[in-house]
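Before any comments, here is the structure.
The values are calculated or read from the model by the stated rules, or taken from the named source; none is laboratory data. Keep in mind it's a predicted model, so treat the numbers as computed, not measured. For neighbour counting, all protein chains shown are included, and Cβ atoms are generated from backbone atoms with ideal geometry for every residue, glycine included. Only protein heavy atoms, including side chains, enter the accessible area calculation; ligands, DNA and RNA are left aside. Shrake-Rupley method; radii C 1.70, N 1.55, O 1.52, S 1.80 Å.
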Protein chains: 4
Amino acid sequence: MPLLTEDAKGVYVIAVTPFLDNGEIDWTSVDRMVDFYEEKGVTGLTILGLLGEAPKMTSEESRAIAKRVMARAKVPVIVGVTAPGLAAMRELADSVMDMGAAGVMVAPPWTTKTDDQAHAFYVSVGEALAQTPFVLQDYPLTTNVTIAPKVIDRIVRDVPNCVMLKHEDWPGLGKISALRASSDKGETRRISILCGNGGLFLPEEMGRGADGAMTGFCYPEMMVGVVENYGKGDVERAHDLFDAYLPLARYEQQQGIGLAARKYVLAKRGVIASPALRKPGAALSPKDIADVERLLARQAKRLAEIEA
Amino acid sequence: MPLLTEDAKGVYVIAVTPFLDNGEIDWTSVDRMVDFYEEKGVTGLTILGLLGEAPKMTSEESRAIAKRVMARAKVPVIVGVTAPGLAAMRELADSVMDMGAAGVMVAPPWTTKTDDQAHAFYVSVGEALAQTPFVLQDYPLTTNVTIAPKVIDRIVRDVPNCVMLKHEDWPGLGKISALRASSDKGETRRISILCGNGGLFLPEEMGRGADGAMTGFCYPEMMVGVVENYGKGDVERAHDLFDAYLPLARYEQQQGIGLAARKYVLAKRGVIASPALRKPGAALSPKDIADVERLLARQAKRLAEIEA
Amino acid sequence: MPLLTEDAKGVYVIAVTPFLDNGEIDWTSVDRMVDFYEEKGVTGLTILGLLGEAPKMTSEESRAIAKRVMARAKVPVIVGVTAPGLAAMRELADSVMDMGAAGVMVAPPWTTKTDDQAHAFYVSVGEALAQTPFVLQDYPLTTNVTIAPKVIDRIVRDVPNCVMLKHEDWPGLGKISALRASSDKGETRRISILCGNGGLFLPEEMGRGADGAMTGFCYPEMMVGVVENYGKGDVERAHDLFDAYLPLARYEQQQGIGLAARKYVLAKRGVIASPALRKPGAALSPKDIADVERLLARQAKRLAEIEA
Amino acid sequence: MPLLTEDAKGVYVIAVTPFLDNGEIDWTSVDRMVDFYEEKGVTGLTILGLLGEAPKMTSEESRAIAKRVMARAKVPVIVGVTAPGLAAMRELADSVMDMGAAGVMVAPPWTTKTDDQAHAFYVSVGEALAQTPFVLQDYPLTTNVTIAPKVIDRIVRDVPNCVMLKHEDWPGLGKISALRASSDKGETRRISILCGNGGLFLPEEMGRGADGAMTGFCYPEMMVGVVENYGKGDVERAHDLFDAYLPLARYEQQQGIGLAARKYVLAKRGVIASPALRKPGAALSPKDIADVERLLARQAKRLAEIEA
């Protein structure tokens, strides 16, 4: 599998992990899910992230999932390898790169407080990972670490295997603009920027120079459509698609219950056999299900209107 | 002015504070803003909150704003009086109640950690405020204090002047359902629940038993329309309205830049003379303005479609 | 009263606020407390900080306390003026400087995340305060804002009225060393560094180049003694004194209960009439009192030994 | 090896992990360290905690360390198994119990906000661990989770394999008193309470009913001595010992640099071959070393005095 580079574009969907109702991994659904994402046009897959319920799995299960996904996927796979120490991170990274991963993703530890600490952390990550390309995961809402654009610029300058930013700062449109201004002026390498936060700002992020999305949503075709239409300059069409899916995308962004909603829809779409989250995990109440069903019905109607 | 009660319904809009370009308070715009909100059908006003830039004003200015708003408004006014200690909180509450406020709003201190601490805090607030009705502001994203539904039930039982919940937990639909289940079973008083978070879940919140909204948005008519249509049972119409405004409402929910967008639109609508935030405050970049203008144009088009 | 300068040395004690048992301010004790601190050799007083229970007072009471202390004190007085916005901060600063304060103290808002934000905040504080000298309060444990030594150096270079650092980072010995290295090399002004954290590292901090202490402890003579002995080169004597008081100083550093212990001892020493904290505030249990009494007895015995 | 029970008393020292200067595990020093702790009279060992640099090791190294320590130790060994999910926690717990551990230790996830959530978490831990006895690690300063005494009482009632509390709340003397009051009245089982926080409050904690200490310090004989003397009623002797070691214990409690100081002294005492921390880790500066050497010299002198 080719390695991840600064030129990556498109949608790297954050994959869910399918479980059976009894909590065991549903291997058949793993395969079907990979096929589904590829059919919907994603450029790559990102696995073993928080929303893939990675922390609930044993390390053996995590490796088994990674192996299965990479055996099945025709598109590049990025694997989350954030760990409390460099040794554990490198151990996991080496293992998944051996299986054929295209690259890995690393978030900063919550103890990172100053500009120099953030820079020093990613310098040591770059050294530890050696030839492995990696994604800088910038997600202040969860990590509680804010990395200013000029610090990202310093990291990009000093760490050649940092090839992608998973942009998930919020609000973050100005951050994309600042990073692109630096590379446009030739002050830094231009790395790939893929956006997270459930895609809730995807059209505006594309407008600022993002290269695509790296996030989850039960209709990956929304993200694919927005990115493609932006790419060919049809901005209004991108917004039309986005707006049609936005009410559901917003509902899916609720913490905890959001992942349950995502799996509910994926199960309803026939992608995974069971909507179950592994324990501990939220389940949809009848009222939640009624909400989702109304949003699905309205979404179908609206999509029909804009297709007409 | 009549006091706030458990029966409050509708939209208590979080008012902005209009400034001139030089940072001084724009008193003419204060009056026009009050009139504007009333013309759009709000039930009440909430002032001196975070999004009214209250922390940037001197205490003298805060009192002057409160006095001016209450002199102009025909609808009830709720005033934020959260303070680091009970003495300062009561001082401000007494002062605004003397001016004619309908009630006050109090958030818990971030040092609140356990169920009993949250309960004890609101018991002491209730005693300190004596006859003044107050709103329990439940906003974990900012206060970092999570108050479980059963703790709110205990507070409602033990603190008679707690008459309203500003519901801003996220995700929070299940919380509304739990609170309404308690009062439906007669285990607690039924208090008013108004919802925040920029109205981004307003239709679903109404569906769980909320009485309306207490939040800001540059088109208060959206919130009024959603609440009214839900009230008369036209759920689909409520969602149609909501969906038309959602792309802009989402944009306005960005921290910092969101308030700048709200004031930009209010200025464009002729409500306030200048979109300026007092320092320190964000300003819209040309790209931000282009985003907002596109959203406004698309919103106007979509509203025309659903009115047709 | 002369203004605070970079040359300040010695002990600026964080003063308590004496209350009567009924919660009212005990004005007689306020005067006696000022006299007591001066008799024990402090160089200055710091008032209206967190441990002076400032947040529990009305703004009128705060001003009255400031006026009373400054009328009585022969030593310089620094006043805490941290506020959520620049306007409120300047309002309070102007008011206390008019009363005769020597300077004011400002902590950064918890929203400060990056190096540039910290620098920008203190640049705007410096401008807002104009001619008023101020203390940069660096207290990450409470503010959750970490300011790297090189950022403090930038602030010192760019903000001439920043004349003192209240050093309360933890651990922070290396920070003092770094700051002194910069000024020794002539890269920055040498400002005054006074240390907090209850004095628990005072001898080592003096060894790194601190100019003294700004903190509270029921035996201010400990801090005065440590600073004086370090000043004249008698390091072992400084440590002897410190060690004798350390068990009690450690006990007083407990959050909440620590301030109750401080007031208990000050009341026992005849400085304040009542050990009461204003509500909400902790009170010592009989077991806590037994702990303090044992520590006092042991401390007296140990002091007698080292004086012998 | 017998399993951990509610009757555990004494000192379960938090063991360091010895590394060579090149960062590899120093197996010879591991053995010598186990012997050293046992010679100094500890009752047990706790391994794979944060201060054992566990997060910096690969999972293979962690298992190898656990195996080596348990092969060598004659005293019971407790192993930290906190993990982001129940499956990973159980996997690690099963593995170390098979090697002969006496029990495991589990801290709550930082997402725990309400009383019911803390209770529910430990109920599910108890079920997942089945027959394995475990220690509830209550460490709000790091986990950001505060568990009220009455919630601990509920957990103790409902989770039979919760046999010990690692008490590390701060301040926490009142918490021990409250827990002992419950079990004295027969309302709950009396579980073992061992105290952390570097032993800085150990004499007072023993006075409230603690059963000993579970923490690290380069002179474990201090903790053993305090616990033993308290046990036989010689409270003043316990305090004499404590006071002699307190200046160094305080220095060792600094985050980051404190562990470097602990290893420096252990290396100087001949227990471990190198004071090196694995990267990323702090190193002592020459000034830090001078501080530690002065404290060691003064400590030796003071110990000689009290032994005389």
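Would you call A:Met57 surrounded by 21 or more Cβ atoms within 10 Å (Cβ to Cβ), under 23 Å from D:Ser62 (Cα atoms) and not β-branched (Val, Ile, Thr)? For A:Met57, the condition - surrounded by 21 or more Cβ atoms within 10 Å (Cβ to Cβ), under 23 Å from D:Ser62 (Cα atoms) and not β-branched (Val, Ile, Thr) - is met. From the list C:Gly231, C:Gly258, the lone residue that is open to solvent by less than 40 Å² (accessible area, probe 1.4 Å) and either on the phi < 0 side of the Ramachandran plot or within 8 Å of chain D (Cβ to nearest Cβ) (or both) is C:Gly258. Within the range D:42-54, the only residue that satisfies the criterion of being open to solvent by 10 Å² or more (accessible area, probe 1.4 Å) and over 20 Å from D:Met164 (Cα atoms) is D:Ala54.
Out of the residues in the range B:144-163 that are within 12 Å of chain D (Cβ to nearest Cβ) and of a type outside the set (Val, Ile, Thr), which is least open to solvent (accessible area, probe 1.4 Å)? Applying the filter and picking the extreme gives B:Ala148. Only residues that are more than 26 Å from C:Pro2 (Cβ to Cβ) and of a type in the set (A, V, I, L, M) were counted in the range C:51-78, giving 1. Specify the residue that is farthest from the other protein chains (Cβ to nearest Cβ); the eligible residues are those in the range B:42-75 that are polar (S, T, N, Q) and free of Cβ contacts under 8 Å to residues at least 60 places away in the same chain. In this case the residue turns out to be B:Ser62.
For the range B:119-143, a residue qualifies if it is buried (at least 20 other Cβ atoms within 10 Å of the Cβ), of a type in the set (Ser, Thr, Tyr) and either touching a His at 6+ places or on another chain (Cβ under 6 Å) or closer than 14 Å to B:Arg154 by Cα (or both), and exactly one does: B:Tyr122. Would you be able to say whether some residue in the range C:262-274 is within 12 Å of chain D (Cβ to nearest Cβ) and in a helix (DSSP H, G or I)? No: the range C:262-274 contains no residue that is within 12 Å of chain D (Cβ to nearest Cβ) and in a helix (DSSP H, G or I).
Checking each residue in the range B:26-41 for being farther than 17 Å from B:Val224 by Cα and either open to solvent by less than 40 Å² (accessible area, probe 1.4 Å) or without any contact (Cβ under 8 Å) to a residue 24 or more places away in the chain (or both) picks out B:Asp26, B:Ser29, B:Val30, B:Asp31. In the condition set (1) of a type in the set (Ser, Thr, Tyr); (2) outside any strand (DSSP E or B); (3) over 25 Å from C:Thr143 (Cα atoms), B:Thr46 is compliant with all but (2). Taken as a whole, the structure places C:Leu277 among residues that are within 29 Å of C:Thr28 (Cα to Cα), in contact with a strand residue (DSSP E or B) (Cβ under 9 Å, 6 or more places away or on another chain) and open to solvent by 20 Å² or more (accessible area, probe 1.4 Å). When the range A:275-308 is filtered for residues that are facing another protein chain (nearest Cβ under 9 Å), under 22 Å from B:Glu236 (Cα atoms) and not charged (D, E, K, R), the ones remaining, listed by number, are A:Ser285, A:Ala290, A:Leu295. On the given criteria, is B:Thr82 out of contact with any Cys (no Cβ under 7 Å at 6 or more places or on another chain) and either at pLDDT below 95 or over 23 Å from B:Ala210 (Cα atoms) (or both)? The answer is yes for B:Thr82. Considering only residues that are in contact with a strand residue (DSSP E or B) (Cβ under 7 Å, 6 or more places away or on another chain), hydrophobic (A, V, I, L, M, F, W, C) and surrounded by fewer than 24 Cβ atoms within 10 Å (Cβ to Cβ), which ones fall in the range A:1-13? Passing the criteria: only A:Leu3. Taking D:Lys113, is it in contact (Cβ under 8 Å) with a residue 60 or more places away in the chain, at the interface with another protein chain (Cβ under 8 Å from one of its Cβ atoms) and more than 15 Å from D:Leu45 (Cβ to Cβ)? The answer is no for D:Lys113.
When you look at C:Leu92, is it touching a residue at least 40 places away in the same chain (Cβ under 8 Å) and either surrounded by 20 or more Cβ atoms within 10 Å (Cβ to Cβ) or within 13 Å of another protein chain (Cβ to nearest Cβ) (or both), yes or no? Taking the combined requirement at face value, the residue does not satisfy it.
Residues in the range D:175-200 that are within 17 Å of the chain's Cα centre (by Cα) and polar (S, T, N, Q): 2 in all.
Residue pairs whose Cβ atoms lie under 8 Å apart, sitting 6 or more positions apart in sequence or on different chains, and linking a residue in the range D:1-25 that is of a type in the set (Gly, Ala, Ser) to a partner that is open to solvent by 90 Å² or more (accessible area, probe 1.4 Å), are D:Gly23/D:Lys279.
If I filter the range D:177-189 for residues that are within 14 Å of chain C (Cβ to nearest Cβ), surrounded by 21 or more Cβ atoms within 10 Å (Cβ to Cβ) and modelled with pLDDT of 95 or more, do I get at least one hit? Yes, some residue in the range D:177-189 is within 14 Å of chain C (Cβ to nearest Cβ), surrounded by 21 or more Cβ atoms within 10 Å (Cβ to Cβ) and modelled with pLDDT of 95 or more. Within the range B:96-118, the presence of at least one residue that is open to solvent by less than 20 Å² (accessible area, probe 1.4 Å), within 30 Å of D:Asp169 (Cα to Cα) and part of a helix (DSSP H, G or I) is confirmed.
Across the range C:218-251, which residue is farthest from C:Gly10 (Cα to Cα) among those that are under 18 Å from the mean Cα position of the chain (by Cα) and in a loop (DSSP other than H, G, I, E, B)? The qualifying residue farthest from C:Gly10 (Cα to Cα) is C:Cys218. In the range A:76-89, the qualifying residues are those that are assigned to a loop (DSSP other than H, G, I, E, B) and within 8 Å of chain D (Cβ to nearest Cβ), and the one that is farthest from A:Val13 (Cα to Cα) is A:Gly85. The set of residues in the range B:60-74 being open to solvent by less than 20 Å² (accessible area, probe 1.4 Å) and not in a helix (DSSP H, G or I) consists of B:Ala73 alone.
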